[in-house]
Structures are given as C-alpha cells and as structure tokens.
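Notes to accompany the following structure.
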Amino acid sequence: MTTANWTSDEIMTVTAARSLRDRMSCFVGIGLPSTAANVAHRTHAPGLWMVYESGTLGTVPDHLPLSIGDGILADTADTVVPVPEVFNYWLQAGRIDVGFLGAAQIDRYANINTTVIGDYANPRVRLPGAGGAPEIAASCREVIVIMRHSSRAFVEKVDFVTSVGHGSGPGDRERLGLRGAGPVRVITDLGVLEPDPVTRELVLTGVHPGVEADAVREATGWDLVVSGDLAVTPEPTEAELSVVRSLTGAA
C-alpha cells in the first residue's frame, strides 16, 4: 500500500511522458497519448516535435486538444500540411521516430483493437475506429501504447486487429512488410510491459509503487510472464505532477 499524493492515472501519464526523449518526432494520438506527450514537452523534452493526424506539424498547444480537428493544433503549429502529405511523406517514409497510441483492447503480441468489441458484424460496442493508427503502428520507427490495465482490455486475442503490433509472434512484421519496430512499450496504470526480444510476447518489466506483480497478472487476460528483473517506477516529481494537473484541470 502506498500513501502517495498521486493517482494511478497520474503516474501512468508521467511514466509515458518519460519514455519520450528531447528532439524526437512524435505522432500523437488524442486522449492519454496527447496528455503524456504534452507533459513531456513541458518538462524534460522541450524540443519534442509533435505531429497530429490532422496535418499539424510541430504544434505546441497551450491546452489539451479535444480532437485532431481542434483549432488550437493549427494555431500553434510550425506549419499545417494536407493529411495525405502527413501520411505519404512523413509517416510512410519512416520520418517519425515514435508513434504514441491508445487502445481499447490489446493482446499478448501488442496487437491493438480500436474498432469493435464483440463480433464485427454484430458488435456489443462499436469503437471510434482506426483513424491513422494502423499506419502509425506500421511505419513509425517505434510505437508506445498507453492505456488503463484490466482483463477486459488486456485480452488473449483482440476481437478485431485494427493495428498490427507483433502479429502472432517473431517475424510477422517483416513478413507483412511493416517497416517500423512496432510496439516497444505498453504503459498502464499498473506498470510497464515490453515485448520479449525472442518471442515478441509482452512481458511485465516494471510496476508502479505499491503495485504487486500478482495484481497485474490478475488484471491480464493471458498468463502474463513477469521479468526476473522487475523494476519499480520512480515516483512522479512535484514538477511533473503540477504539469499533469494543469493540463487535465486537476490542479
């Protein structure tokens, strides 16, 4: 049990932000990825070059955008280009360092579902859909996923593969012609998972303070492997928490 002054969402956001390095180019998804990327830009990575799907390059919004069509993205961008140029010139050509994505479901090989829950023809829930996520997952040099951890979200097999992670295991990305490395890290409100270098299956490599590995395994829909060198996430600093709370309105 921890007596920390931060929430599980806050440490998830800060941990994700720390995964971004200064002067990276980052293709940012709306929601949790956008929050984390903007925290990184305001703390340790002032040169982080943020790209949003709507064609805004180098944007520095002074508040979190509500969608990729939020005017604040264009108002604060270095430039705005047509959407086809974002994908054809920047993304598909391998010019983006990291793609930052969320997910409704993810499986042991980091395949992502943002399309439907249940049968595609008669779903229980119809989700927002693909957007640019399949291209981001395919072509960015690496991908980071941020999402809340539960057995409903971390499933043995996703109901629909919207964005390919590591397919069904080693060699699948290469066989499919996907140029990027795929998901290199999945950051949740419980800890951090990374693909095994051989099997490509997600492994628990870190937990947040106060979280036990067994609790993460219980919240995962497959028999999650736990690293023998399990790390504990450093707690958020007051400066990091101040930025998170100012962006999310929790300050």
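The values are calculated or read from the model by the stated rules, or taken from the named source; none is laboratory data. Values in this document were obtained by computation on a predicted structure and should not be read as measured data. Cβ coordinates were reconstructed from backbone atoms using ideal geometry, including for glycine residues, and neighbour counts include every protein chain displayed. Heavy atoms of the whole protein, side chains included, go into the accessibility calculation; ligands, DNA and RNA do not. Shrake-Rupley method; radii C 1.70, N 1.55, O 1.52, S 1.80 Å.
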Normalising by the residue count of the chain, find the relative contact order in percent from Cα pairs under 8 Å and 6+ residues apart. 19
Relative contact order for region 161-240 using alpha-carbon pairs under 8 Å, separation at least 6, rounded to a whole percent? 22
Which of these values of Rg and Dmax of the Cα atoms in Å was calculated from the structure shown: (i) 18.7, 58; (ii) 24.0, 99; (iii) 17.4, 50? (iii)
Cα centroids of region 167-192 and region 109-129: how far apart, whole angstrom? 19
Where a ≥ b ≥ c are the square roots of the eigenvalues of the C-alpha gyration tensor, would you call region 1-135 rounded, which needs a/c under 1.5, or, failing that, prolate if a/b is larger than b/c, or oblate? oblate
Which residue, chosen from Ala137, Met24, Ala40, occupies the Cα position most advanced towards the positive end of the dipole of region 8-248, where the dipole is computed from +1 (Lys, Arg) and -1 (Asp, Glu) charges on Cβ about the Cα centre? Ala137
Ordering Ile144, Ile72, Ile30 by the accessible surface of their heavy atoms, 1.4 Å probe, largest first, yields Ile30, Ile72, Ile144
In terms of solvent-accessible area of protein heavy atoms at a 1.4 angstrom probe, what is the ranking of Trp90, Trp6, highest value first? Trp90, Trp6
Simple spin-label estimate for Arg124/Ser246, 7 Å along Cα→Cβ, in nm, reads 4.2
Rounded, prolate or oblate, given the Cα gyration tensor of region 175-251, with a/c below 1.5 counting as rounded? oblate
Which residues qualify? For Gly29, with a placed amide H closer than 5 Å and at least 5 residues away or on another chain, they are Ser34, Phe100
Which is the longest run of the chain containing none of the trypsin sites (Lys or Arg not before Pro) found in DSSP loop states (not H, G, I, E, B) with at most 12 other C-beta atoms within 10 Å? 24-151
